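Quick one: the structure is below, questions incoming.
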Amino acid sequence: MSLFPNEKRFLIQRSIKTGKIRNILTENGQLYLVLRAQDMLFSLTLLSAEVIRINSKFPEYRVVIPNNMEQFIREGRNVFAKHVLLADPRIRGGDEVLVVNSDDKLIAIGKAKISGEEMMEYKRGVAVHVKRGVKI
């Protein structure tokens with residue numbers, strides 16, 4: 001799976017002060033990825049999350065929620081462990097994750113607070129801190 005499809009061109013936006021890479025933009029100026037200065041890892045955007053969803057096998061990189069919780073998560077509410085139907089067991093606390101419904105439709109992106117295995121076991125507490133929900 002490639003996060004950077006070959007047929008697309010990307011623009012690199014650098015910090016004015018340091019000259020280091022900060023953002024990756026599509027050729028039409030949409031924000032695709034953000035490079036975090038503190039750990040030099042990429043933060044997802046809804047656009048890059050959709051590319052990962054399309055190009056990865058279900059349930060890789062995903063936290064699956066019930067369809068009846070979809071609207072709350074789209075509004076930016078956090079995902080609680082009791083609502084997790086399925087989670088990639090390779091997810092670690094602190095990983096960027098895709099939040100999808102049972103039909104594998106992207107609902108939000110967020111940061112895992114606990115591992116995928118713990119999401120499946122726990123019945124209390126926040127599983128994913130939602131950064132951004134997909135607006136309908």
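Run the helix sum for the chain: -39,500 (n - 2.57) per DSSP H stretch of 4+ residues, divided by residue count, reported at 222 nm to the nearest 500 deg cm²/dmol.
Working: 3 runs with 21 residues, N = 136.
Roughly -4000 deg cm²/dmol at 222 nm, from the helical runs in the chain.
Defining a contact as two alpha carbons under 8 Å apart and six or more residues distant in sequence, what relative contact order in percent does the chain show?
Working: 282 pairs, mean separation 27.0, N = 136.
Relative contact order comes out at 20 percent.
Could you pull out the GluC sites (Glu not before Pro) across the range 62-126 that fall in loop regions by DSSP (anything but H, G, I, E, B) with no more than 12 other Cβ atoms inside 10 Å?
Values: sites: Glu70, Glu75, Glu96, Glu117, Glu118, Glu121; in loops: Glu75.
When the GluC sites (Glu not before Pro) of the range 62-126 are filtered for loop state and at most 12 Cβ neighbours within 10 Å, Glu75 remain.
Okay, moving on. What trypsin sites (Lys or Arg not before Pro) in the range 40-129 are in a loop by DSSP, with at most 16 other Cβ atoms within 10 Å of the Cβ? Working shown, then result.
Numbers: sites: Arg53, Lys57, Arg62, Arg74, Arg77, Lys82, Arg90, Arg92, Lys105, Lys111, Lys113, Lys123, Arg124; in loops: Lys57, Arg77, Arg90, Arg92, Lys105, Lys113, Lys123, Arg124.
Of the trypsin sites (Lys or Arg not before Pro), the ones in loops of the range 40-129 whose Cβ has at most 16 other Cβ atoms within 10 Å are Lys57, Arg77, Arg90, Arg92, Lys105, Lys123, Arg124.
Assuming a ≥ b ≥ c are the square roots of the Cα gyration tensor eigenvalues, decide whether the chain counts as rounded (a/c under 1.5), prolate (otherwise, with a/b larger than b/c) or oblate.
prolate
Follow-up. Between Asn55 and Glu75, 0.36 nm times their residue separation minus their Cα-Cα distance comes to what? Walk me through the intermediate numbers first.
Values: separation 20, 0.36 × 20 = 7.20 nm, distance 2.55 nm.
Length gained, Asn55 through Glu75: 4.7 nm.
No value in this document is a laboratory result; all are computed from the given coordinates. Just so it is clear, the model here is predicted, and its values are computed rather than measured. Because the Cβ atoms are built from the backbone with ideal geometry, glycine has one as well, and the counts that use them run over all protein chains shown.
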